[in-house]
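S.K.: Please see the structure below; I have some questions.
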Amino acid sequence: MVALKLQRIGDEIGLTLPREMLAALKAGEGDVVYLSETPQGVVISAQDDQQGRQLDLARDIMARRRGVLRVLAQ
């Protein structure tokens with residue numbers, strides 16, 4: 001666990017993430033991170049959960065309908 005201090009950044013309040021946490025998130029300056037509330041607390045991730053579910057669904061459809069997609073691609 002890493003303790004972070006909230007600090008004023010202009011008119012907002014922000015957090016500065018240590019390099020190790022950015023590396024674990026595979027994120028850097030200018031990237032977007034997402035905060036999600038879970039029963040265990042707040043989670044920071046570099047991928048939107050909804051987008052991840054949509055990608056999983058698309059992969060499933062593409063795997064099941066491979067033949068149809070192959071014909072449509074011609």
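The values are calculated or read from the model by the stated rules, or taken from the named source; none is laboratory data. Computed from a predicted model, the values in this text were never measured in an experiment. For neighbour counting, all protein chains shown are included, and Cβ atoms are generated from backbone atoms with ideal geometry for every residue, glycine included.
S.K.: Kindly evaluate G14 against the criterion of being at pLDDT 90 or above and touching a strand residue (DSSP E or B) at 6+ places or on another chain (Cβ under 9 Å).
M.R.: Numbers: at pLDDT 90 or above: yes; touching a strand residue (DSSP E or B) at 6+ places or on another chain (Cβ under 9 Å): yes.
Spelling it out, G14 is indeed at pLDDT 90 or above and touching a strand residue (DSSP E or B) at 6+ places or on another chain (Cβ under 9 Å).
S.K.: Among E37, E20, which is the only one that is loosely packed, with under 11 Cβ neighbours inside 10 Å, at negative phi, free of Cβ contacts under 8 Å to residues at least 60 places away in the same chain and outside any strand (DSSP E or B)? Before you say what the answer is, go through the steps one by one.
M.R.: Working: E37 fails: outside any strand (DSSP E or B).
Selected residue: E20, the only one of E37, E20 that is loosely packed, with under 11 Cβ neighbours inside 10 Å, at negative phi, free of Cβ contacts under 8 Å to residues at least 60 places away in the same chain and outside any strand (DSSP E or B).
S.K.: Would you mention how many residues in the range 40-74 are exposed (fewer than 11 other Cβ atoms within 10 Å of the Cβ) and under 12 Å from the mean Cα position of the chain (by Cα)?
M.R.: 3
S.K.: Quick one: is A27 surrounded by 10 or more Cβ atoms within 10 Å (Cβ to Cβ), within 17 Å of the chain's Cα centre (by Cα) and in a loop (DSSP other than H, G, I, E, B)?
M.R.: Answer is yes for this residue.
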